[in-house]
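Here's the structure, in structure tokens; my notes come after.
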Amino acid sequence: MSTYRVGIIGCGSIAQLHMHGYAGDDRFEVVALSDPVAEALNVFGDRYEIANRYTDAREMLDQEALDVVNVCTWHKLHAPMTIAACARKPKAVLCEKPMATNMGECDEMMTVAHRNKVKLAIAHQRRFNPVWTDARNLIAAGAIGAPKHVMTSGSQGLLNDCSHLLDFTRYVMGDPNAVWVLGNIERKTDRYERDMRIEDRSAGIVGYDNGAVGVLLQEMVPQRRQGGTVYGEDGIMDIDEQRVRLLNSRTGTWEERPHTGEDASIGQARELADWIEGRVEHRGEASHGRAAVEIIMAIYESARMHEVVQMPVRTRISPIDVMVEMGDLPVERPGRYDIRAFLLRGEQMRPEGS
């Protein structure tokens, strides 16, 4: 059995989930860590007893002969760290979601992976949640008839929390392609999430090529969960991370199907090894991560252009940045703040360089 040498870039809280995943499959050995923040690097390294530690990620990539590189940084570094990793030609790169911060970055990541023959996956790990997969299989088998509408709600910005919800919508329906998007946003405060501009509120309506329409409300209703409600021609399915509730003409009442199966982080890692070995396609393959980012950019672009956006999105930078910098989203309640400032260490209240 092969053993794959793993290096992790970014030693924050999300990296712990990835460590849990690798610990669940004997084919992986995490051999090196990188983080520019020495405290984060050493706390993580001590906890998991990993001796090889670098404050420079590229030095780690050059020194460690890695088979797998795991990018667990904040959003802005997803593209440059993935590009750097792919340039060293490991077998695979697993990058945290969202894939990137705009369409140009997504396409650069896919290009460098392709030219270096690196398998690139994006860590929408809930694709490996047994409940979500049960829902996907039920819908494919016709349990609620053809899906017509999917309702979701979230918070903390489109790129953060809501990238999971858009990925959820596609995943449970068998990954249809978005055809058009209508959206709008409100940004009256100078709000950031991990050093990325985000909106105060937003709404998006997405038309898919299977005929279904998805609706996403962000910071507009109190409900916040990872999942949603799918309405079909012959039933309703209500889904979160713990259970599926199914109602159709055959059940006549709500049937509850609880969580049973493999831990999502372990499943994500296991399938990555299987993908490297040519056994399967990875559920997190980069095109799916790109699709979620494209819908987000389309919501922003619809707000910017005041029109229904027909896919593909042609603006390669983030339309919310364009709107702010052009003065189309003036801050009415001044004072920059980052909703993830609690992740910083020491006296910092803003990321360095922001």
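Of note:
- Tallying residues that are in contact with a helix residue (DSSP H, G or I) (Cβ under 9 Å, 6 or more places away or on another chain) and either crowded, with 16+ Cβ neighbours inside 10 Å or assigned to a strand (DSSP E or B) (or both) within region 216-229 yields 5.
- Single unsatisfied condition, Tyr171 versus (1) touching a residue at least 40 places away in the same chain (Cβ under 8 Å); (2) surrounded by 17 or more Cβ atoms within 10 Å (Cβ to Cβ); (3) part of a strand (DSSP E or B): (3)
- The residue that is surrounded by the fewest Cβ atoms within 10 Å (Cβ to Cβ), counting only those in region 323-346 that are touching a residue at least 60 places away in the same chain (Cβ under 8 Å) and within 22 Å of Ile14 (Cβ to Cβ), is Gly346.
- The residue list Thr111, Thr55 contains one member that is surrounded by fewer than 21 Cβ atoms within 10 Å (Cβ to Cβ), more than 22 Å from Leu343 (Cβ to Cβ) and of a type in the set (Val, Ile, Thr), which is Thr111.
- Residue within region 189-205 that is touching a residue at least 40 places away in the same chain (Cβ under 8 Å), hydrophobic (A, V, I, L, M, F, W, C), in contact with a helix residue (DSSP H, G or I) (Cβ under 6 Å, 6 or more places away or on another chain) and over 15 Å from Val324 (Cα atoms) present: no
- Here Ile299 passes the criteria (1) touching a strand residue (DSSP E or B) at 6+ places or on another chain (Cβ under 6 Å); (2) surrounded by 13 or more Cβ atoms within 10 Å (Cβ to Cβ); (3) over 27 Å from Ala121 (Cα atoms) except the one numbered (3).
- Only residues that are at pLDDT 95 or above and either over 14 Å from Thr169 (Cα atoms) or outside the structural domain of Pro147 (by TED's automatic domain parsing) (or both) were counted in region 223-235, giving 3.
The values are calculated or read from the model by the stated rules, or taken from the named source; none is laboratory data. Remember, predicted model here, so these are calculated numbers, not experimental data. Glycine gets a Cβ as well: all are built from the backbone with ideal geometry, and neighbour counts include every protein chain shown.
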